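Comments concern the structure below.
The values are calculated or read from the model by the stated rules, or taken from the named source; none is laboratory data. Keep in mind that this is a model prediction, so the values were computed, not measured. In this analysis, Cβ positions are derived from the backbone assuming ideal geometry, glycine residues included, and neighbour counts consider all displayed protein chains. Calculation scope for accessible area: heavy atoms of the full protein, side chains included, ligands and nucleic acids excluded. Shrake-Rupley method; radii C 1.70, N 1.55, O 1.52, S 1.80 Å.
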Amino acid sequence: MRVMQHCRERLQAGEKWPPIMGELTLLKTQLTESESLEAMNRVINKEPNNQLEKWIMQNKGYELRRLPQSMIVRRFKEFYREAMSLQEKGKLVTELPKGLAQHSVKNLVDLKREEFEQQHGTALDPRIAAILNKGNREQE
């Protein structure tokens, strides 16, 4: 059915007929124009329908949203072919990491904040509180 839809779209676009046998074998796995546009809209709206679309949304969604309108369809087709080749090789991963990496690094600011909160709780530093209190007394 998909091959017939491809042929119909080609005829409507004025392309030459008949496609060669190699093209026909490729057409059975490729998306038609209408399917491609529907898939692209689902990815842009963050409503993936299958693993390929989910992979594109997770890995290439940012780039798709930043492209000019004239390039979106062409780049989406490239991303879809890339996802299909990864799926054929068994390397298509759509699961998000379950937590921080084992060797993740904490920022120095975060470490100092945790150290301060252990000593003083979530209250203001006594020096800052004194400065604020002094400023409030002068205004009164």
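Under 9 Å between Cβ atoms, at least 6 apart or on separate chains: pull out the pairs that start in the stretch 36-52 with a residue that is touching a residue at least 40 places away in the same chain (Cβ under 8 Å) and end on any residue that is open to solvent by less than 60 Å² (accessible area, probe 1.4 Å) and acidic (Asp, Glu).
Partner pairs satisfying both residue conditions: Ala39/Glu53.
Of everything in the stretch 89-112, what is charged (D, E, K, R) and modelled with pLDDT of 85 or more? Give them in sequence order.
Of everything in the stretch 89-112, those that are charged (D, E, K, R) and modelled with pLDDT of 85 or more turn out to be Lys89, Lys91, Asp110, Lys112.
Quick one: which residue in Leu64, Leu92, Leu27 is over 30 Å from Gln12 (Cα atoms) and of a type in the set (A, V, I, L, M, F, W, C)?
So the residue among Leu64, Leu92, Leu27 that is over 30 Å from Gln12 (Cα atoms) and of a type in the set (A, V, I, L, M, F, W, C) is Leu92.
Looking at (1) under 20 Å from Arg74 (Cα atoms); (2) touching a residue at least 24 places away in the same chain (Cβ under 8 Å), which one does Glu15 not meet, given that it meets all the others?
It is condition (2) that Glu15 fails.
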